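Undergrad: Below is the structure I would like to discuss, written out as structure tokens.
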Amino acid sequence: MFSAIADGLNYLTSQSGASLLALFWFTVIFEVPRYSMAFIAATFFGRPKPQAGSEGIFDPTVSVIVAGHNEADAIERCVMSLREQSRPPDEIVVISDGSRDAMPERIRDLQARGLIDQAHSTDLRGGKSAGVNLGKRFASGDIVINVDCDCSYDRHGGQICGV
């Protein structure tokens, strides 16, 4: 293997500048300017790094929207796993999308216990996307995360769905 590398380097060093340009013309014409311009743009227009202790450090608020249909058995486990995260969400909004089981009562109970911030239920089923869109109207965080009702989240980043 080292002999093949040595042969390749020997071949390249024995070439003239014109023959190397003829060999790598595509790279010289297209790739070098492309990467050079990206480097120059990142250097001049990149965001400055905030200094430690400086004012104006962005600390975003996180809202989690949990929308589901007939998930009364799984909703409390999902909410509890969200509350156990190393960075728990600032706000949890739960939407019961036309559920016919005890999910509306469960989410009202979770709200009364202070585990979720907002609980909303609809009588008519609109689908997952309609439930998430409704939750987005009530979410106030800078970052909004959509999670599934039947998922529980491990404290260290794992996710278990359908349990």
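Undergrad: If Ser3 satisfies every condition in (1) assigned to a helix (DSSP H, G or I); (2) surrounded by 10 or more Cβ atoms within 10 Å (Cβ to Cβ) but one, which is the exception?
TA: Here Ser3 meets the rest and fails (2).
Undergrad: Determine which single condition Ser81 fails, assuming it passes every other condition in (1) part of a loop (DSSP other than H, G, I, E, B); (2) under 19 Å from the mean Cα position of the chain (by Cα); (3) not aromatic (Phe, Trp, Tyr).
TA: Of everything listed in (1) part of a loop (DSSP other than H, G, I, E, B); (2) under 19 Å from the mean Cα position of the chain (by Cα); (3) not aromatic (Phe, Trp, Tyr), Ser81 misses just condition (1).
Undergrad: Here is a further query. Search the range 96-107 for residues that are in the same structural domain as Ser129 (by TED's automatic domain parsing) and pair each with any residue that is of a type in the set (Lys, Arg) when their beta-carbon atoms are under 7 Å apart and the residues are at least 6 apart or on different chains.
TA: Asp97/Arg125; Gly98/Arg125
Undergrad: Does Gly131 satisfy being surrounded by fewer than 16 Cβ atoms within 10 Å (Cβ to Cβ) and within 14 Å of Cys149 (Cα to Cα)?
TA: Values: surrounded by fewer than 16 Cβ atoms within 10 Å (Cβ to Cβ): no; within 14 Å of Cys149 (Cα to Cα): yes.
Against the criterion (surrounded by fewer than 16 Cβ atoms within 10 Å (Cβ to Cβ) and within 14 Å of Cys149 (Cα to Cα)), Gly131 does not qualify.
The values are calculated or read from the model by the stated rules, or taken from the named source; none is laboratory data. The shown structure was predicted, so the numbers you read here are calculated from the model rather than taken from an experiment. Because the Cβ atoms are built from the backbone with ideal geometry, glycine has one as well, and the counts that use them run over all protein chains shown.
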